[in-house]
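S.K.: A single structure is presented below for examination.
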Amino acid sequence: MSDAASPRVALTFDAEHPDRPRCPPRNAERILDALSSADVRATFFVQGRWARSQPLAAKRIATEGHLVGHHSNYHVRMTLLSDDGLRQDLAEGEETIKDVIGTDPHPWFRCPFGEGKDDPRVLGALEELGYRNVDWHVAVEDWEPWRTAEAIATDAVAGALVHGDGAVVLLHTWPGPTADALPTVVERLSSAGARFVTVDELERLP
């Protein structure tokens, strides 16, 4: 538990293939470096195919003490998959994460694009396979090409503090401005008394 003077904040990163070309190389590594320097643990929702293509960065996530969740295998909108397609995507992603990272992502899952978070069929498939979807309270639209590091930092900090204890912040591993903003996000939230946690430390999740 926490209190208003030291609200808990869960920084979460969707580790996935970029939504646009020409993203900075080794951006996930920059994010991991920033978290390590600040001694902050975060939660990473890992796409199976991303882990396969970026095994060194993927392995660092677990090695450095971060919580690993599942973010599908192909990063498709879960509502577009058939029942069999849902089960296959989840199973293949899980197998890849276990193989590459060496950890079991259960029970943490995040639907790509947030699609399926309120769909009974998708949620039923997740539950059947031992997963629960984790949404977010604060989204800073870091996937948009016009978002600057300062805008991302300002909105992440303000959103987390306005929400209060237990805020879950959505970020991504591939936008350059997110890596640029992260040290500022950590510094400003720490100065405001926030304490960083992983999603498994929160009693209530979005």
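The values are calculated or read from the model by the stated rules, or taken from the named source; none is laboratory data. Keep in mind that what you see is a predicted model, and the values were worked out from it rather than measured. We place every Cβ from the backbone using ideal geometry, glycine too, and count neighbours over all the protein chains shown. When the accessible area is computed, the model is the full protein with side chains, heavy atoms only, and any ligands, DNA or RNA have been set aside. Shrake-Rupley method; radii C 1.70, N 1.55, O 1.52, S 1.80 Å.
S.K.: Being open to solvent by 30 Å² or more (accessible area, probe 1.4 Å) and under 19 Å from Gly114 (Cα atoms): is that true of Ala167 here? It would help to see each step written out before you state the result.
M.R.: Working: open to solvent by 30 Å² or more (accessible area, probe 1.4 Å): no; under 19 Å from Gly114 (Cα atoms): yes.
No; evaluated as a whole, the condition is false for this residue.
S.K.: Please pick out the residue among Leu205, Leu182, Leu123 that is of a type in the set (A, V, I, L, M, F, W, C), open to solvent by 10 Å² or more (accessible area, probe 1.4 Å) and at pLDDT 95 or above.
M.R.: Values: Leu205 fails: at pLDDT 95 or above; Leu182 fails: open to solvent by 10 Å² or more (accessible area, probe 1.4 Å).
Step by step, each of Leu205, Leu182, Leu123 is checked, and only Leu123 is of a type in the set (A, V, I, L, M, F, W, C), open to solvent by 10 Å² or more (accessible area, probe 1.4 Å) and at pLDDT 95 or above.
S.K.: Working carefully through the options Gly130, Gly102, Gly116, find the one that is at positive phi, small (Gly, Ala, Ser) and buried (at least 21 other Cβ atoms within 10 Å of the Cβ).
M.R.: Within the list Gly130, Gly102, Gly116, the selection yields Gly116.
S.K.: Next up: Could you check the stretch 185-202 and list, in sequence order, the residues that are part of a loop (DSSP other than H, G, I, E, B) and either crowded, with 18+ Cβ neighbours inside 10 Å or in contact with a strand residue (DSSP E or B) (Cβ under 8 Å, 6 or more places away or on another chain) (or both)? Write out each step before concluding.
M.R.: To start, the set of residues in the stretch 185-202 that are part of a loop (DSSP other than H, G, I, E, B) comprises 192-194, 197-198, 202.
Selection gives Ala194, Val197, Thr198, Leu202.
S.K.: Does the stretch 80-95 contain at least one residue that is open to solvent by less than 60 Å² (accessible area, probe 1.4 Å), assigned to a loop (DSSP other than H, G, I, E, B) and modelled with pLDDT under 95?
M.R.: No: the stretch 80-95 contains no residue that is open to solvent by less than 60 Å² (accessible area, probe 1.4 Å), assigned to a loop (DSSP other than H, G, I, E, B) and modelled with pLDDT under 95.
S.K.: Kindly indicate whether Arg110 is touching a residue at least 60 places away in the same chain (Cβ under 8 Å) and in contact with a strand residue (DSSP E or B) (Cβ under 8 Å, 6 or more places away or on another chain).
M.R.: Details: touching a residue at least 60 places away in the same chain (Cβ under 8 Å): yes; in contact with a strand residue (DSSP E or B) (Cβ under 8 Å, 6 or more places away or on another chain): yes.
So Arg110 fits the description; yes.
S.K.: Any residue at all in the stretch 36-43 that's surrounded by 15 or more Cβ atoms within 10 Å (Cβ to Cβ), touching a Lys or Arg at 6+ places or on another chain (Cβ under 6 Å) and of a type in the set (S, T, N, Q)?
M.R.: Looking for residues that are surrounded by 15 or more Cβ atoms within 10 Å (Cβ to Cβ), touching a Lys or Arg at 6+ places or on another chain (Cβ under 6 Å) and of a type in the set (S, T, N, Q), one finds none in the stretch 36-43, hence no.
S.K.: For Cys23, work out the one condition from (1) at pLDDT 95 or above; (2) in contact with a Pro (Cβ under 8 Å, 6 or more places away or on another chain); (3) open to solvent by 10 Å² or more (accessible area, probe 1.4 Å) it doesn't fulfil.
M.R.: Just one mismatch for Cys23, condition (1).
S.K.: Between Pro145, Pro177, which is assigned to a loop (DSSP other than H, G, I, E, B) and out of contact with any Gly (no Cβ under 9 Å at 6 or more places or on another chain)? Outline the logic, then answer.
M.R.: Values: Pro177 fails: assigned to a loop (DSSP other than H, G, I, E, B).
None of the other options fit; the residue is Pro145.
S.K.: May I ask you to verify whether Leu90 is of a type in the set (A, V, I, L, M) and over 14 Å from Gln47 (Cβ atoms)?
M.R.: Here the answer is no, as Leu90 does not meet what is asked.
S.K.: Among all residue pairs at least 6 apart or on different chains, which show Cβ distances below 8 Å where the first residue, located in the stretch 123-145, is under 29 Å from Gln88 (Cβ atoms) and the second is surrounded by fewer than 18 Cβ atoms within 10 Å (Cβ to Cβ) and of a type in the set (Lys, Arg)?
M.R.: The qualifying pairs are Ala125/Arg87; Leu126/Arg132; Glu128/Arg87; Leu129/Arg87.
S.K.: Could you grab me the full set of residues in the stretch 53-73 that are surrounded by fewer than 15 Cβ atoms within 10 Å (Cβ to Cβ) and under 16 Å from Phe196 (Cβ atoms)? Give the derivation first.
M.R.: Within the stretch 53-73, the subset surrounded by fewer than 15 Cβ atoms within 10 Å (Cβ to Cβ) is 53, 55-56, 63-65.
Glu64, Gly65, listed by residue number.
Per-residue answers, yes or no, for (1) in contact with a Cys (Cβ under 6 Å, 6 or more places away or on another chain); (2) closer than 22 Å to Leu202 by Cβ; (3) assigned to a loop (DSSP other than H, G, I, E, B):
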| residue | (1), (2), (3) |
| --- | --- |
| Asp104 | no, yes, yes |
| Leu126 | no, yes, no |
| Gly130 | no, yes, yes |
| Asp135 | no, yes, yes |
| Glu141 | no, no, yes |
| Asp155 | no, yes, no |
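S.K.: Going by what's in this entry, would Leu161 be described as under 15 Å from the mean Cα position of the chain (by Cα) and either touching a residue at least 60 places away in the same chain (Cβ under 8 Å) or part of a helix (DSSP H, G or I) (or both)?
M.R.: Values: under 15 Å from the mean Cα position of the chain (by Cα): no; either touching a residue at least 60 places away in the same chain (Cβ under 8 Å) or part of a helix (DSSP H, G or I) (or both): yes.
The answer is no for Leu161.
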